Amino acid sequence: MTTPLKQPLSRPSWWGALCGAIGCAVGVALICVAFVRTPLGQHVDDALMPEAARGGYYAGTSDAYQAARSVLRLVGNPVHIAIFVAVLVVAGLLARRVVAAVAGVGVLFGSIGAARVLKAEIVRPDFDVIGTSAHNSFPSGHVAAAAGMVFAVALLIRAGHRRWMLLPGVIVCAVVTVATMVAGWHRLSDGLGAVLVAGTLYFVAVAVDRVINQDLADLR
């Protein structure tokens, strides 16, 4: 009796990652339109802000404010970002995943850069919504940096183990988003948009990696 041959496991398609990138990019656009470009969205965003932080004002002696500022200093400090990049590259060298580490660095700085460009270019209409301002803060650079770090680590981890980054990643992004709101720097939509900006670049990196690996497999 002959033993049936085992079928080789199919490689993940780059189409799936590309669809993820498109989905995240569309999500950024939808959040921007819904919460930045409509009176109802601006009202909802304002209602979700901590009352003392509305309009960018908060009691500087508040424990919550001080804790929020500590979190933001940790994430937004260029020295801390440089240390993270150095650790990521060293980890990539040790794990023999240098390309993945470099891709992660690209996602991190790409997320920060994209957030800055969008924030400078997007115009927030003034609908005379009580308690809000016409100053655009979408998307958050600090949340983009935090999400970029999370996705950079996810790229360094082999694909089969990336699911373990889901819960820690959600916690990190949520904490930084809440910190920006407590400090009166950003609205909830700013944080959600920033995560999706970083997610777009992450899925683009995954799609490129899958295309390259598939091409190399075809050459063997």
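The values are calculated or read from the model by the stated rules, or taken from the named source; none is laboratory data. Since the structure is predicted, the reported quantities are computational estimates derived from the model, not experimental observations. For neighbour counting, all protein chains shown are included, and Cβ atoms are generated from backbone atoms with ideal geometry for every residue, glycine included. For the accessible areas, the whole protein counts, side chains as well, though only heavy atoms, and no ligand, DNA or RNA atoms are used. Shrake-Rupley method; radii C 1.70, N 1.55, O 1.52, S 1.80 Å.
One table, with the values for the structure above:
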{"item": "Distance in nm between pseudo-label sites at Val79 and Leu166 (7 Å out along the Cβ direction from Cα)", "result": "3.8 nm"}
{"item": "Unit charges on C-beta of K, R, D, E only; dipole of region 85-220, Debye", "result": "500 debye"}
{"item": "Relative contact order (%) - the chain, alpha-carbon pairs under 8 angstrom, separation at least six", "result": "35 percent"}
{"item": "Residue-count net charge about Phe138 - beta-carbon cut-off 15 Å; Lys, Arg +1, Asp, Glu -1", "result": "0"}
{"item": "Carbon/sulfur fraction of accessible area - the chain, other protein chains in place, 1.4 Å, %", "result": "70 percent"}
{"item": "Phi-based couplings in Hz for region 138-143 (Karplus 6.51, -1.76, 1.60; Gly and Pro marked x)", "result": "9, x, 7, x, 5, 5"}
{"item": "Helical mean residue ellipticity (222 nm; -39500 (n - 2.57) per DSSP H run of 4+; nearest 500) of the chain", "result": "-23000 deg cm²/dmol"}
{"item": "Accessible area per residue, Å², the chain with all protein chains present, probe 1.4 Å", "result": "58 Å²"}
{"item": "Förster radius 30 Å - calculated FRET efficiency between Arg37 and Ile212, Cβ distance, rounded to 0.05", "result": "0.20"}
{"item": "Selected from Phe127, Phe35, Phe151 as most flexible by GNM, with the chain as the system and alpha-carbon contacts under 10 Å", "result": "Phe127"}
{"item": "Angle in degrees between helix 63-76 and the longest Cα principal axis of the chain, rounded to the nearest 10", "result": "40 degrees"}
{"item": "Most mobile of Val153, Val107, Val26 in a GNM of the chain (Cα contacts under 10 Å)", "result": "Val26"}
{"item": "Principal-axis tilt of helix 98-121 within the chain, Cα atoms, nearest 10 degrees", "result": "30 degrees"}
{"item": "Under the Debye formula (equal points on every Cα, no solvent term), log10 I(q)/I(0) of the chain at q = 0.09 Å⁻¹", "result": "-0.42"}
{"item": "GNM top mover of Gly160, Gly184, Gly104 - the chain, alpha-carbon springs below 10 Å", "result": "Gly160"}
{"item": "Degrees between helix 14-31 axis and first principal axis of the chain (Cα, 0 to 90, nearest 10)", "result": "10 degrees"}
